[in-house]
Amino acid sequence: MDIEVTLPKISDNAEKGQISEILVSEGDHVDKEQAVIVVESDKAAVEVPVEEEGTVKSIKVKQDQEIGAGDLIMILENDSSNADEKEDNDASEDKNSSKDDKEIEAKTEEPKDDKEDSSTKEEKKQPAQAKEEEPKREPKEDTNTDDKSVKSPDHDSPAVAPLAKKLARQLGISLYEIDPNEQGRITHDAVIEHARALISNSNNQGGSSSKITLPDFTKWGNIEEKPLSSIRNTIAQKTLLSWQEIPQVTQFDNADITVLNSFLKDENENSEQKVTLTAVLTKVMQVALKEFPKFNASLDLDNRKVIYKDYYNISIAVATDNGLLMPVIKKVDSKSVRQLAEELNTLADKARNKKLAPQAMEGGNIALSNQGGIGGSAFTPIVFPPHVAIIGVSRASTQPVYSEESKGWEPKQILPLSMSYDHRLIDGAEAAAFLKRIVELLEKPMKIIM
């Protein structure tokens, strides 16, 4: 018996995806719950398992193909049902033989004369011929020019306000596309709102296209073209949207983490679960967010509102082979630093092994990007809406710092921090104070860690 394997719904917000990997070949035996393909949605790469075991009879998809929920992926042959089918076929063979004998006898009988009378054929042809000969009726042209509401594309009637009519003509908008108000009148404000909607839709639909014209690179040598993955395409679109829509400013500061590093070294020496700097930073950010609630908010310009959140979810940037993913640590205020370290490690492994569910990247209020393990002295991270800020961490280095107590220079471990923020909601003084508070908490972290 053949089993059709189809793509389930990837997540509540994603019904389509791009096949990044096919894990089996035709003729392979697959077990129940075994993954057969990897599908990339706009948020994550997800392995798709089969619900029943069997042998891969045929694969209906290809690498880099885009598929949607319900599309056929492959056909399995149910191995366990083959023997049962054979027994059923043998049992029914005797019954079929007697039936076949009767059919053979019926075929040997004299066929009935089914020739039709020629006059009957003529009668059948006549309706069709009559239909063909029936003259076609041409629609009469409407010569009535008095009904301006029908003829004019600008609703040239008393139901349209004069200013609305003038604005619509200037913008090239057909008033037929605008719904009148309760009084049956199209107002000036209605034309403006319709124009805004058209611009918004145009930006959303045209966001995937680029205004940059590329040259013919083959003039200078060989090239290789590879399709853009769904995740990378989403990153590109969100980055462009962030850069176009959010006026971003970056604040810089340095934290002395000499005491913190010494404590972490002693704390992790005899512990299986290591407490990482990222885990400490996550907790520090949550404490600072309680004191500066605007950084835990989102801006709703359409409704002229600021949405303050009474929960603390922090997105953590994770570099993977498929691009940058941002799993979310939820309810940070209810977790210890050691619990955060364990959860961060689990989420990072899932992200790098394409096992991160799309829901795991939803609900973040602010982001943290730690590039200290890679290198670099500073960078300016990009704010991804609905966040209003993101903290960047670069590599710590030993630097001489003058001590007022010893009246001399001392070697200190200095951690460079950068924070980009949405200047529409956050002012520079607020940003400087928030980042300064994070520095203070990193330099005296014992209350947070313990």
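The values are calculated or read from the model by the stated rules, or taken from the named source; none is laboratory data. Everything numeric in this text was worked out from a predicted model, so none of it was measured. All Cβ positions, even for glycine, are placed from backbone atoms using ideal geometry, and neighbour counts span all protein chains on display.
Per-structure values
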{"read-out": "Given (1) within 25 Å of Tyr421 (Cβ to Cβ); (2) out of contact with any Leu (no Cβ under 9 Å at 6 or more places or on another chain); (3) in contact (Cβ under 8 Å) with a residue 60 or more places away in the chain, index of the condition Phe295 fails", "value": "(2)"}
{"read-out": "Residue within the range 412-426 that is part of a loop (DSSP other than H, G, I, E, B), touching a residue at least 12 places away in the same chain (Cβ under 8 Å) and not aliphatic (A, V, I, L, M) present", "value": "yes"}
{"read-out": "Members of the range 226-259 that are aromatic (Phe, Trp, Tyr) and within 14 Å of the chain's Cα centre (by Cα)", "value": "none"}
{"read-out": "Residue within the range 388-401 that is of a type outside the set (A, V, I, L, M), in contact (Cβ under 8 Å) with a residue 12 or more places away in the chain and more than 19 Å from Val259 (Cβ to Cβ) present", "value": "yes"}
{"read-out": "Residues (modelled with pLDDT of 95 or more and of a type in the set (D, E, K, R)) located in the range 267-304", "value": "Lys283, Lys290, Glu291, Lys294"}
{"read-out": "Filter pass, Lys412 being in contact with a Leu (Cβ under 6 Å, 6 or more places away or on another chain), in the same structural domain as Gln286 (by TED's automatic domain parsing) and basic (Lys, Arg)", "value": "no"}
{"read-out": "Ile374 vs. criteria part of a loop (DSSP other than H, G, I, E, B) and β-branched (Val, Ile, Thr)", "value": "yes"}
{"read-out": "Unmet requirement for Lys238, which otherwise passes all of (1) under 30 Å from Leu325 (Cβ atoms); (2) among the charged types (D, E, K, R); (3) surrounded by 10 or more Cβ atoms within 10 Å (Cβ to Cβ); (4) at pLDDT below 80", "value": "(4)"}
{"read-out": "Residue selected from the range 406-432 under the condition surrounded by 15 or more Cβ atoms within 10 Å (Cβ to Cβ) and among the aliphatic types (A, V, I, L, M), by the criterion farthest from Phe263 (Cα to Cα)", "value": "Leu425"}
{"read-out": "Odd one out for Asp333 among (1) in contact with a helix residue (DSSP H, G or I) (Cβ under 8 Å, 6 or more places away or on another chain); (2) within 17 Å of Leu368 (Cα to Cα); (3) surrounded by 15 or more Cβ atoms within 10 Å (Cβ to Cβ); (4) not hydrophobic (A, V, I, L, M, F, W, C)", "value": "(3)"}
{"read-out": "Condition check for Ser369: among the polar types (S, T, N, Q), under 20 Å from Leu340 (Cβ atoms) and not in a loop (DSSP other than H, G, I, E, B)", "value": "yes"}
{"read-out": "Residues (under 18 Å from Ile199 (Cα atoms) and exposed (fewer than 12 other Cβ atoms within 10 Å of the Cβ)) located in the range 162-173", "value": "Gln170, Gly172"}
{"read-out": "Hey, Val393 in contact with a Gly (Cβ under 6 Å, 6 or more places away or on another chain), within 21 Å of Phe292 (Cβ to Cβ) and of a type in the set (A, V, I, L, M, F, W, C) or not", "value": "yes"}
{"read-out": "Per-region count, the range 440-450, residues among the aliphatic types (A, V, I, L, M) and buried (at least 18 other Cβ atoms within 10 Å of the Cβ)", "value": "2"}
{"read-out": "Extreme residue, farthest from the chain's Cα centre (by Cα), among residues of the range 178-218 that are within 30 Å of Asn322 (Cα to Cα), at pLDDT 80 or above and assigned to a helix (DSSP H, G or I)", "value": "Thr218"}
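Every residue, every condition in (1) touching a Cys at 6+ places or on another chain (Cβ under 6 Å); (2) farther than 24 Å from Ser298 by Cα; (3) surrounded by 16 or more Cβ atoms within 10 Å (Cβ to Cβ); (4) modelled with pLDDT under 95, yes or no:
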{"site": "Asn365", "(1), (2), (3), (4)": "no, no, yes, no"}
{"site": "Leu368", "(1), (2), (3), (4)": "no, no, yes, no"}
{"site": "Gln371", "(1), (2), (3), (4)": "no, yes, yes, yes"}
{"site": "Ser377", "(1), (2), (3), (4)": "no, yes, no, yes"}
{"site": "Ala389", "(1), (2), (3), (4)": "no, no, yes, no"}
{"site": "Val393", "(1), (2), (3), (4)": "no, no, yes, no"}
{"site": "Val401", "(1), (2), (3), (4)": "no, yes, no, yes"}
{"site": "Glu404", "(1), (2), (3), (4)": "no, yes, no, yes"}
